[in-house]
Amino acid sequence: MRITDAKVIVTSPGRNFVTLKITTSDGVTGIGDATLNGRELSVASYLRDHVCPLLIGRDPARIEDTWQYLYRGAYWRRGPVTMTAIAAVDTALWDIKGKVAGLPVYQLLGGRSRAGVTVYGHANGETIPEVLDEVARYVDLGYRAVRVQCGIPGLDATYGVSRDKMFYEPADANLPSEATWSTERYLRVVPELFAAVRDRFGYDLRILHDIHHRLTPIEAGGLGSRLEEYAPFWLEDPVPAELQDGFRLIRQHTTAPIAVGEVFNSIWDCEQLIREQLIDFIRATVVHAGGITHLRRIFDLAALHHVRTGSHGATDLSPACMSAALHLDIAVPNFGIQEYMRHTEATDEVFPHGYRFADGYLHPSEEPGLGVDIDEKLAARYPYEPAYLPVNRLTDGSMHNW
Ligand code: EZ4
Ligand code: CO
């Protein structure tokens with residue numbers, strides 16, 4: 001069996017997605033997500049112009065060799081564009097391998113390690129009472145874990161707070177919108193938010209919070225210590241992770257669990273964080289960290305160092321990524337939690353899939369392969385629309401991290 005076609009499909013059913021579809025000489029097809037939010041067309045070009053021609057004629061069964069060929073063979077290693085493109089190829093080849101074997105991919109990864117994949121949803125609101133009502137909605141839907149974000153008094157646009165509650169979508173403009181940030185105001189409101197959530201919902205619900213790279217290590221350590229009494233499940237992305245030594249400083253000041261990695265694209269972005277046990281959850285994903293093959297490698301390293309998984313699962317990761325993520329999540333020994341932001345109906349129609357939500361868990365598809373497809377006719381009805389993530393400035397106008 002040989003690869004006979006590799007096609008890049010760009011579609012925007014409410015938001016942009018890039019998908020790679022590989023076809024074999026036996027007519028088996030596989031798909032992989034290649035979406036890089038706000039930079040979609042770079043990956044589409046990387047695939048179309050530089051990767052697809054290399055795939056034609058290759059044996060689709062040689063997943064590891066193809067991964068190494070694309071990683072080592074490019075000479076220019078790593079980076080989000082390259083690793084997202086490699087991820088798409090890798091994911092599509094796992095899909096094909098599963099279909100050829102007649103097994104869901106998780107069976108090829110060692111089989112089921114748990115009954116279901118615990119997921120968390122996003123509760124956000126301008127005010128704390130609004131967030132509490134959103135949390136209640138998730139609890140009613142059966143969620144066992146909820147991420148909470150609220151507006152910051154005095155600032156007009158805050159990360160994590162959106163108009164559309166169930167389908168939080170930050171890439172909201174054809175040129176980047178601007179948000180403002182004040183660390184002082186933020187640090188005042190978060191402990192109030194946690195106190196209010198615990199007061200209303202008690203301690204059985206897992207509560208998560210995303211700092212979105214906004215703090216310094218010492219600020220994060222201070223916030224973590226103030227939140228400890230509310231038992232946060234994790235604090236996500238407390239600081240930009242380029243400076244990995246910074247996490248030692250956070251650790252010296254708090255036992256609040258730390259989660260990091262949604263922007264990581266290789267094991268080298270988290271090797272020190274994991275080896276020195278500076279984090280508790282690694283949030284790298286299938287689509288942005290080199291596919292199932294490479295993410296498995298990261299998760300195995302993490303398992304040696306008491307680090308659990310907590311993969312990114314925002315709306316900009318397509319159902320093709322979510323399907324793949326669930327096969328890994330159900331199989332690995334050190335699974336922690338999976339982020340799950342529901343896709344819009346239009347997205348779900350373009351990507352028919354077999355995973356399902358029940359009682360706070362997602363269950364991977366039992367169909368051979370990944371159990372996800374792309375409806376190309378429907379996809380063609382939604383042409384690409386330029387969309388950027390916002391940028392963020394301090395109150396004096398200085399650029400800050402969004
Ligand atoms: O900002 O997916 O945890 N989730 C997040 C997301 C990210 C977007 C970036 O593309 O931080 O909302
Ligand atoms: Co995040």
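Restricting attention to region 47-54, does a residue exist that is basic (K, R), without any contact (Cβ under 8 Å) to a residue 60 or more places away in the chain and farther than 16 Å from G32 by Cβ? No, every residue in region 47-54 fails to be basic (K, R), without any contact (Cβ under 8 Å) to a residue 60 or more places away in the chain and farther than 16 Å from G32 by Cβ. Residues that are crowded, with 21+ Cβ neighbours inside 10 Å and outside any strand (DSSP E or B) within region 1-21 comprise P13, R15, N16, listed in sequence order.
Given the condition without any contact (Cβ under 8 Å) to a residue 60 or more places away in the chain and in contact with a His (Cβ under 9 Å, 6 or more places away or on another chain), answer yes or no: does some residue in region 250-262 qualify? Among the residues of region 250-262, at least one is without any contact (Cβ under 8 Å) to a residue 60 or more places away in the chain and in contact with a His (Cβ under 9 Å, 6 or more places away or on another chain), which makes the answer yes. Being open to solvent by less than 20 Å² (accessible area, probe 1.4 Å), among the polar types (S, T, N, Q) and in a loop (DSSP other than H, G, I, E, B) is the filter here; which residues of region 328-383 pass it? The answer is N334, S365.
Between L187, L215, L208, L175, the distinction of being open to solvent by 30 Å² or more (accessible area, probe 1.4 Å), within 18 Å of E236 (Cα to Cα) and not aromatic (F, W, Y) belongs to L187 only. In the set G202, G142, G154, only one residue is open to solvent by 10 Å² or more (accessible area, probe 1.4 Å), at pLDDT 95 or above, over 23 Å from the mean Cα position of the chain (by Cα) and on the phi > 0 side of the Ramachandran plot; that residue is G202.
The residue that is nearest to E169 (Cα to Cα), among those in region 384-400 that are part of a loop (DSSP other than H, G, I, E, B) and open to solvent by 40 Å² or more (accessible area, probe 1.4 Å), is L389. Against the test of being in the same structural domain as H327 (by TED's automatic domain parsing), of a type outside the set (K, R) and within 16 Å of ligand 2 (Cβ to nearest atom), the options Y143, Y168 yield a single qualifying residue, Y168.
For (1) of a type in the set (D, E); (2) touching a helix residue (DSSP H, G or I) at 6+ places or on another chain (Cβ under 8 Å), each residue gets a yes or a no:
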position: Y138; (1), (2): no, no
position: R144; (1), (2): no, no
position: Y159; (1), (2): no, no
position: E169; (1), (2): yes, no
position: N174; (1), (2): no, no
position: L193; (1), (2): no, yes
position: A196; (1), (2): no, yes
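Here N401 passes the criteria (1) under 23 Å from V146 (Cβ atoms); (2) within 16 Å of ligand 2 (Cβ to nearest atom) except the one numbered (1).
Pairs linking a residue in region 308-321 that is more than 13 Å from A171 (Cβ to Cβ) and not assigned by TED's automatic domain parsing to the domain that holds V350 to a residue that is open to solvent by 10 Å² or more (accessible area, probe 1.4 Å) and within 12 Å of ligand 1 (Cβ to nearest atom), with Cβ atoms under 6 Å and 6 or more positions apart or on different chains, do not occur. The residues of region 22-35 that are open to solvent by 10 Å² or more (accessible area, probe 1.4 Å) and either at pLDDT below 95 or touching a strand residue (DSSP E or B) at 6+ places or on another chain (Cβ under 8 Å) (or both), listed by number, are T23, S25, T29. For region 59-79, a residue qualifies if it is within 18 Å of D5 (Cα to Cα) and small (G, A, S), and exactly one does: A61. Would it be correct to say that L243 is in contact with a helix residue (DSSP H, G or I) (Cβ under 7 Å, 6 or more places away or on another chain), assigned by TED's automatic domain parsing to the domain that holds P153 and surrounded by fewer than 23 Cβ atoms within 10 Å (Cβ to Cβ)? Considered against the rule, which asks whether it is in contact with a helix residue (DSSP H, G or I) (Cβ under 7 Å, 6 or more places away or on another chain), assigned by TED's automatic domain parsing to the domain that holds P153 and surrounded by fewer than 23 Cβ atoms within 10 Å (Cβ to Cβ), L243 comes out as no.
Does T216 satisfy the condition of being assigned by TED's automatic domain parsing to the domain that holds L249 and at pLDDT 90 or above? In short, yes. Out of region 257-268, which residues are of a type in the set (A, V, I, L, M, F, W, C) and within 16 Å of ligand 2 (Cβ to nearest atom)? Listed by number, the residues that qualify are I258, A259, V260, V263, F264.
Any chance region 226-233 includes a residue that's within 13 Å of ligand 2 (Cβ to nearest atom), crowded, with 22+ Cβ neighbours inside 10 Å and in contact (Cβ under 8 Å) with a residue 40 or more places away in the chain? Within region 226-233, none of the residues are within 13 Å of ligand 2 (Cβ to nearest atom), crowded, with 22+ Cβ neighbours inside 10 Å and in contact (Cβ under 8 Å) with a residue 40 or more places away in the chain. Considered as a group, the residues in region 275-293 that are part of a helix (DSSP H, G or I) and open to solvent by 10 Å² or more (accessible area, probe 1.4 Å) include one that is nearest to ligand 1 (Cβ to nearest atom), and that residue is T293.
The values are calculated or read from the model by the stated rules, or taken from the named source; none is laboratory data. Quantities reported herein were computed from a predicted structural model and do not represent experimental measurements. All Cβ positions, even for glycine, are placed from backbone atoms using ideal geometry, and neighbour counts span all protein chains on display. These area figures cover heavy atoms from the full protein model, side chains too; ligands, DNA and RNA do not enter into them. Shrake-Rupley method; radii C 1.70, N 1.55, O 1.52, S 1.80 Å.
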